[in-house]
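Please read the structure below before turning to the comments.
The values are calculated or read from the model by the stated rules, or taken from the named source; none is laboratory data. Everything numeric in this text was worked out from a predicted model, so none of it was measured. Virtual Cβ from ideal backbone geometry, glycine too; neighbours counted across all protein chains shown. All accessible areas refer to the heavy atoms of the entire protein, side chains included, with ligands and DNA or RNA removed. Shrake-Rupley method; radii C 1.70, N 1.55, O 1.52, S 1.80 Å.
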Amino acid sequence: MMNRSERLGKLVDLVIERGSITIDDVVAALHISGATARRDLDALARQQLITRTRGGARANTSTGDLPLRYRTSRQGDEKRALASLAVDRIEPGSTIALNGGTTMTELAHELGIRSDQDSHYQLHPVTVVTNAVNIANDLTVRSNIRVVCTGGVARTRSYELVGPLATLILPHINIDVTFFGVDAISLDDGYYTHNAEEAAINQLLIERARKVIAVADHTKAAKSAFARICGHDQVDELLLGPGAQPEIYQNLHLAGVKIAMPTEQNK
């Protein structure tokens, strides 16, 4: 069963994909009652995320550019498995860094759960350095996690803090492991994102870390994006979801990339 936040995110995606939707469509797609469907549509309309219509809703002109927290995570099950695999690599008492995006948000969520359940984190809290304000907000309530948030100007699309202010703190701290999500993985020359300012912050997080781990679902492999973050030689390990063509994994291995994939235990 989806919680309400996940359901609202899925509902927004349905409106975006279809352009308009009826109450019956919502009931059939999300397996909820008509009354719940109406309440959910009303809630999204109050936030101006959609436009309510008689018997349903339609997309706003700006709906396609919604912040991540209102969007269902694409490849959600895969990203949750990757998050579990990533948290397996976090030592209690260590300092880690996370950039923004849905994959890192899943990682932060999994870390929060582990920190509450594992007594080692109570004795040795983890420090999380992040430029993502949503991740900082989610982890601040966890008593076993210390959050260090960079400065900067928040991007509405990704909740990442960018710009000169975001770079001031990073030269003065040491990071044990930087985990970073990407928009694209080039088989030839490394890891990319769509935004140059985000790429610059990611580069600093990588430079300050003793170990660097990239995390991506399989749809990001053999793709291109605007701004290069780093090369394959700067990444110690790539946590990559299954599902891509076999030759993609083979080519990454040939490029010297150490790849790990989730197992049933991580699902």
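Points worth noting:
- Extreme residue, least open to solvent (accessible area, probe 1.4 Å), among residues of region 174-200 that are acidic (Asp, Glu) and farther than 19 Å from residue 253 by Cα: 198
- Scope region 241-267; condition of a type in the set (A, V, I, L, M), in contact (Cβ under 8 Å) with a residue 60 or more places away in the chain and outside any loop (DSSP other than H, G, I, E, B); matching residues: 248, 252, 260
- Qualifying residue in region 201-212 (condition: farther than 22 Å from residue 127 by Cα and either of a type outside the set (Phe, Trp, Tyr) or open to solvent by less than 10 Å² (accessible area, probe 1.4 Å) (or both)): no
- Of all residues in region 206-220, those satisfying the criterion of being under 26 Å from residue 262 (Cβ atoms) and either acidic (Asp, Glu) or out of contact with any Leu (no Cβ under 7 Å at 6 or more places or on another chain) (or both) are 206, 209, 210, 211, 212, 217, 219, 220.
- Within region 35-52, considering residues that are touching a strand residue (DSSP E or B) at 6+ places or on another chain (Cβ under 7 Å) and part of a strand (DSSP E or B), the one most open to solvent (accessible area, probe 1.4 Å): 51
- Residue pairs whose Cβ atoms lie under 7 Å apart, sitting 6 or more positions apart in sequence or on different chains, and linking a residue in region 200-221 that is in a helix (DSSP H, G or I) to a partner that is open to solvent by 40 Å² or more (accessible area, probe 1.4 Å) and among the acidic types (Asp, Glu), are 220/183.
- Residue within region 162-173 that is open to solvent by less than 50 Å² (accessible area, probe 1.4 Å), in contact with a strand residue (DSSP E or B) (Cβ under 9 Å, 6 or more places away or on another chain) and assigned to a helix (DSSP H, G or I) present: yes
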